[in-house]
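Engineer: Could you have a look at this structure, given as structure tokens, before my questions?
The values are calculated or read from the model by the stated rules, or taken from the named source; none is laboratory data. This structure is a prediction, so every number in the text was calculated from the model and none was measured. Virtual Cβ from ideal backbone geometry, glycine too; neighbours counted across all protein chains shown.
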Amino acid sequence: MTSTLGLSQLGLVDLLPPSLQTIPEAVGKNMAIARARTGSRIMAVVKADGYGHGAITVAQAAISAGAEWLGTTDIEEASALRAAGLTVPILTWLNPSGFDAEAAATGRIDIAVGSLEELEALLKQTSPAAVRVHLHMDTGMARGGCPVHEWDALIARAWHGHQRGKVRVVGLMGHLPLADQAESEVNAPAISRMYQARKAIMEAGFGAPLTHLAATSGILTDPATHFGMVRLGAGLVGIDPSETTELHGASRLTAPIVHSATAKAGTPVGYGGTYITDTSTSLSVLPLGYADGIPREISSEASVEIHGRRYPVVGRVSMGQIVIDTGADSFPPGTTATVFGPQGGLTPTIYDWACWAGTIPHTIVTGLGPRVRRTII
Ligand SMILES: *Cc1c(COP(=O)(O)O)cnc(C)c1O
């Protein structure tokens, strides 16, 4: 390449890549809503890169708004938060690559232990200090956590590890199986299991563990599930699985139009020609496709917003692009289209996209590809 001319000097617009802008202020507002529903400590769950919004950005915003703990899936995610300078306690609950007891001890990263095997694997390792452990009770989900019949054995073994200075039991964890249901009766069995588990821990000689069961849905709908701490994940980024509370969308996905043209009536659009224009119309291309997180399964209602109007996505979603039909309006390349944004106005939301794709909003935000540039506004 010999040319040093920028695109704008060539008379073309500079085309920015698709961009996800995270809105920390919205995370703060969602924290405030959660804060108003519970007197318990709040753990900000920032797994899956903060539900696609940037784990560090979401964690910082949540801590500024009063979160006292962070939660991630594994030690590696937690270590990245430590490397970013975050000092609050962090809990991890699934470490498929094994327990790096040394990383946990030196990084002050807590580990949830939900079976005898997990505890043995931890006790086998050497670490410079006792590893902080939360015993994880299966509260009815059969997706991790110690089954009731193994609980006493787990506690006995933890006591042994405690006496040898290998582990410190600081917490008790459960997880609600009916996390998206707002009726409190459905949580009752899990709640009573937590009380039993807690009693057994204290009878074994441990101090009172920091007890936590509820995630977003429980936080917003059922105070009986709150115990000493609650774990707020989806709610931080504006997703309420219980669909009871209006939260604030915490991101905006935009992309520039890269190509525009008029098409005659009867023009097939995209792979397979699944859409055929019925009149002469303007078509525009956006540089986002299923590799970037636009679900290929979307219905014909899917649309984007440009200058305050909605335009439908037409034809099949390609790997790296979609076509929109802008009708009688034509837009020059470089015009910004908003794929989704916070609630309000005509901008589609992640809830709209989830509906168009037959999924939940979580998969929309966590599915964004690496080409989508992340920024903070
Ligand atoms: C993801 C997760 C949470 C947060 O759940 P949300 O419904 O997103 O708030 C809490 N606890 C555990 C164990 C999780 O895996």
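Engineer: Return yes or no: is Leu283 of a type outside the set (Lys, Arg), out of contact with any His (no Cβ under 8 Å at 6 or more places or on another chain) and buried (at least 18 other Cβ atoms within 10 Å of the Cβ)?
Structural biologist: yes
Engineer: Still on this structure, I have one more. Kindly indicate which of Gly308, Gly334 is in contact (Cβ under 8 Å) with a residue 40 or more places away in the chain and farther than 13 Å from Leu283 by Cβ.
Structural biologist: Gly334
Engineer: Can you tell me how many residues within region 299-310 are surrounded by fewer than 20 Cβ atoms within 10 Å (Cβ to Cβ) and not basic (Lys, Arg)? Show your work before the answer.
Structural biologist: Within region 299-310, the first condition is being surrounded by fewer than 20 Cβ atoms within 10 Å (Cβ to Cβ), and the residues that meet it are 299-301, 305, 307-310.
Pick out the ones that are also not basic (Lys, Arg) and you get 299-301, 305, 307-308.
Summing the residues that are surrounded by fewer than 20 Cβ atoms within 10 Å (Cβ to Cβ) and not basic (Lys, Arg) in region 299-310 gives 6.
Engineer: Please tell me if Thr244 is of a type in the set (Val, Ile, Thr) and assigned to a strand (DSSP E or B). Let's see the steps before the verdict.
Structural biologist: Numbers: of a type in the set (Val, Ile, Thr): yes; assigned to a strand (DSSP E or B): no.
Judged against the criteria, Thr244 is not a match.
Engineer: Can you tell me how many residues in region 83-100 are in a loop (DSSP other than H, G, I, E, B) and either β-branched (Val, Ile, Thr) or not assigned by TED's automatic domain parsing to the domain that holds Val170 (or both)?
Structural biologist: The qualifying residues number 2.
Engineer: Same structure again: Could you list, in sequence order, all residues of region 310-332 that are within 14 Å of Thr262 (Cβ to Cβ) and either at pLDDT below 95 or not in a strand (DSSP E or B) (or both)?
Structural biologist: Ala328, Asp329, Ser330, Phe331, Pro332
Engineer: Give the residues of region 203-223 that are part of a helix (DSSP H, G or I) and surrounded by 14 or more Cβ atoms within 10 Å (Cβ to Cβ), sorted by residue number. Steps first, please.
Structural biologist: Kept after step one, since they are part of a helix (DSSP H, G or I), are these residues of region 203-223: 203, 216-221, 223.
Thr216, Ser217, Gly218, Ile219, Leu220, Thr221, Pro223 - these are the residues of region 203-223 that are part of a helix (DSSP H, G or I) and surrounded by 14 or more Cβ atoms within 10 Å (Cβ to Cβ).
Engineer: Further, regarding this structure: If we scan region 99-120, do we find a residue that is under 21 Å from the mean Cα position of the chain (by Cα), at negative phi, within 16 Å of the ligand (Cβ to nearest atom) and modelled with pLDDT under 95?
Structural biologist: no
Engineer: Quickly run through region 190-227 and pick out the residues that are more than 26 Å from Glu25 (Cα to Cα), touching a residue at least 60 places away in the same chain (Cβ under 8 Å) and more than 12 Å from the ligand (Cβ to nearest atom).
Structural biologist: Hits for region 190-227 are Ala197, Ile201, Pro209, Leu210, Phe227.
Engineer: Report, by residue number, each residue of region 143-159 that is within 16 Å of the ligand (Cβ to nearest atom) and surrounded by 15 or more Cβ atoms within 10 Å (Cβ to Cβ).
Structural biologist: Passing the criteria: Gly144, Gly145, Cys146.
Engineer: Can you tell me which of (1) surrounded by fewer than 17 Cβ atoms within 10 Å (Cβ to Cβ); (2) aliphatic (A, V, I, L, M); (3) part of a loop (DSSP other than H, G, I, E, B); (4) away from the ligand (no atom under 16 Å from the Cβ) is the one Ala80 doesn't meet?
Structural biologist: (3)
Engineer: Here is a follow-up. Among the listed residues Thr126, Thr92, Thr73, which satisfies the condition of being within 23 Å of His362 (Cα to Cα), surrounded by fewer than 22 Cβ atoms within 10 Å (Cβ to Cβ) and among the hydroxyl-bearing types (Ser, Thr, Tyr)?
Structural biologist: Working: Thr126 fails: within 23 Å of His362 (Cα to Cα); Thr92 fails: surrounded by fewer than 22 Cβ atoms within 10 Å (Cβ to Cβ).
Criteria check complete, one pass: Thr73.
Engineer: For Ala328, all conditions in the list (1) without any contact (Cβ under 8 Å) to a residue 60 or more places away in the chain; (2) closer than 13 Å to Pro287 by Cα hold save one; what is the number of the exception?
Structural biologist: (2)
Engineer: Right, next: What are the pairs with Cβ atoms under 9 angstrom where one residue, in region 285-304, is within 21 Å of Asp329 (Cα to Cα) and assigned to a strand (DSSP E or B) and the other, located anywhere, is among the small types (Gly, Ala, Ser) and at pLDDT 95 or above? Sequence gap at least six, or different chains.
Structural biologist: Val285/Ser260; Val285/Ala261; Leu286/Ala255; Leu286/Ala337; Val304/Ala255; Val304/Ala337
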